[in-house]
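Structure record follows, encoded as structure tokens.
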Amino acid sequence: MGTTTIRLEEDLKARVATAAERAGKTTHAFILDAIAQTVEQAEADNAFDSLADKRWADFLANGKTVPWDEAKSWLEAKTRGEHSRKPLARKPGG
């Protein structure tokens with residue numbers, strides 16, 4: 001395991017220590033958790049952006065989409081636990 005040194009302003013260092021104590025963790029563990037959460041969020045954001053880019057490219061290539069009212073109805077039925085046929089993508093007006 002490598003070592004990394006970070007320099008914190010005294011105010012932030014005190015805030016981290018207080019937050020760590022409230023969480024029942026050492027300052028070290030609290031900082032590691034914060035770094036891990038930030039990395040996970042950045043990775044999730046990147047995956048979401050990549051998926052959105054892929055879907056946009058697919059739409060530009062084939063022009064097919066699901067109308068919002070159909071998607072909304074399907075999602076609402078799923079949240080109620082109902083089995084509903086998934087709406088099919090099609091060209092607008094089709």
Worksheet item: If you check Ala47 against the conditions, is it within 30 Å of Met1 (Cβ to Cβ), at pLDDT 95 or above and in contact with a helix residue (DSSP H, G or I) (Cβ under 8 Å, 6 or more places away or on another chain)?
Response: no
- Task: Output yes when any residue across the range 43-60 is farther than 30 Å from Gly93 by Cα and small (Gly, Ala, Ser), and no when none is.
- Result: yes
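The values are calculated or read from the model by the stated rules, or taken from the named source; none is laboratory data. What you see is a predicted model, and the numbers here were worked out from it, not measured in a lab. Every residue, glycine among them, receives a Cβ derived from its backbone with ideal geometry; neighbour counts consider all protein chains shown.
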